[in-house]
Structures are given as structure tokens and as C-alpha cells.
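What follows is a set of notes on a single structure, which appears directly below.
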Amino acid sequence: MNGEKEKILQRIREALAVPAPYPGQHGGQPYDGGHAESPEEGDIAHWLPRVGAAFDARSDLFARNSAQLKSTFHLLESEAAAAQALAEMARAESWQRLAAHGDGARGASTRAMVSKLGLASLWTDAGYDVREMERCDAGVTECDALVAQTGSVLVTGRSAGGRALSVLPPHHVVLARREQLVADLPAAFALLERKYAGNYPSFIGFITGPSRTGDIERILVLGAHGPRKLTILCW
């Protein structure tokens, strides 16, 4: 057994001696965001979605990916328009209780937006009862970034108010700003490094559409292990 264990450890040592490529770089060639006109076979741009450099191109791609993922993306003109959209959702779905956090980068804005709804609100800032959160109709969080390439929402424990807020309520609503819409996954990882280098959050996640499973008879079921609805309000 000791001999087999040593073989395994030796293979691990050999693997660790080979530097891994930085996210988005393969074969020594940096990923250019999918701008190459004729990507060579095996180039990362050959199989990842192409992402334009302009904001309109990024937002269009994010919107298309959101539709395919069955999440809802609203690109709005202002914070007031986002507040109005949130109020309309609350009325349409007859929300009674809402969970949110107000200690993120734009916590005051989130608190003001949620308070205008006039609903019973559970704030995660100073601790909370998980059973009370399970009773909430929706959870409202901020995010660190939106990733056009995959239609993903990048969240951390700090931006999303902990681990449970984006998971337990059946409808997850994300508040984002236009400057948070990045092109691709390498850009998202670079953002994390700039923002948190030396003090990374304990939780980092990419949310790509609402929770789903197709395990039973290959029938897609939303809300299997988390929210069945994901809405992104971006302004």
C-alpha cells in the first residue's frame, strides 16, 4: 500500500511542477475574447462564444444567453426604472415577504429600493433565521459581475449577502450596473483578482440560469435545488 501511495504522490508532484495556464490562455496564446476571424483548431475562441468589444455587443450576447438559460434580463435606463421593474414583479407575483442585504458596495441603494415595496423584509446583514428566509417569496442581491460569454452572474459572499440568500428564496433578483457587464470568464477572474487579491471571500460562485435538473426522464425541471426563477435588473 505504501508503494502505491508513493506512486500517487509522485504523480501529484510531477503535475504540480508544470505551471497551469492562466484562465483564458491555452497553448501559450492569450484568449482575445473571441475576436479572431479564423481561429485555429484547438484555439479557445473556436469553441467559446465570440464576444464583441463594445457594450452593446456584450449586452446583446448576455441577453441571448439569458433567454436560452431561461433567466430574465432587463437592461434599464436608470435606478428608478429598476425600482419600478422590481415593484411590478412584486405585484405580479403577489410577494408577501422579501429577503435582501444592505451592506454591499451599494447597500444604501438596495435598501431604498426594497423599502419602497412596503413588504415584510428580512435583512441578512446582522444574522437571520434560515426558516424565516425559506418563507420569503424572493431574494434580492447585488453581484460582482455579469459575464456576457456565458450569461452567468458572478457573486461572492460579500456581494450576495452570504451563501443562502441567492439559493433559498424561489425567485432570485440580481441588481447590477452596466459597468459590471464583462466580456468573458477571463475578464471575470481578472476582476476578482483586482477586487479581492489578498482577501478573497470564502464563497465565490457563477450562477448560470435558474436551478435546474434533467435527471428524471430527461425532462427539464426548474427550481430543483435552488431558485426556479432568476431575474437580472441592470442599469
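The values are calculated or read from the model by the stated rules, or taken from the named source; none is laboratory data. Nothing here was measured: the structure is a model prediction, and the numbers come from that model. Heads up, the Cβs are rebuilt from the backbone with ideal geometry, glycines too, and the neighbour counts pull from every protein chain shown. All accessible areas refer to the heavy atoms of the entire protein, side chains included, with ligands and DNA or RNA removed. Shrake-Rupley method; radii C 1.70, N 1.55, O 1.52, S 1.80 Å.
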Margin query: Just to verify a result, which residue in region 118-139, among those that are under 23 Å from the mean Cα position of the chain (by Cα) and part of a helix (DSSP H, G or I), is surrounded by the fewest Cβ atoms within 10 Å (Cβ to Cβ)?
Written below: VAL130
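If you go through region 162-177, how many residues are under 19 Å from LEU233 (Cα atoms) and either of a type in the set (Val, Ile, Thr) or open to solvent by 60 Å² or more (accessible area, probe 1.4 Å) (or both)?
Final tally of qualifying residues: 3.
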Next item on the list: Being more than 18 Å from the chain's Cα centre (by Cα) and within 19 Å of PRO210 (Cβ to Cβ) is the filter here, so list the residues in region 51-83 that pass it.
Entry: none
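Just to verify a result, which residue in region 178-235, among those that are part of a helix (DSSP H, G or I) and open to solvent by 40 Å² or more (accessible area, probe 1.4 Å), is modelled with the lowest pLDDT? It would help to see each step written out before you state the result.
The first filter runs over region 178-235 and keeps only residues part of a helix (DSSP H, G or I), leaving 178-180, 185-196.
Those left that are additionally open to solvent by 40 Å² or more (accessible area, probe 1.4 Å): 178-179, 185, 189, 193-195.
Details: ARG178: 97, GLU179: 96, LEU185: 91, PHE189: 94, GLU193: 94, ARG194: 95, LYS195: 94.
Going through the qualifying residues, I end up with LEU185.
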Notebook entry, point to check: Inside region 28-117, counting only helices (runs of 4 or more DSSP H) that do not spill past its ends, which hold 1 or more residues that are loosely packed, with under 12 Cβ neighbours inside 10 Å and modelled with pLDDT of 95 or more?
Noted result: 55-69, 79-92
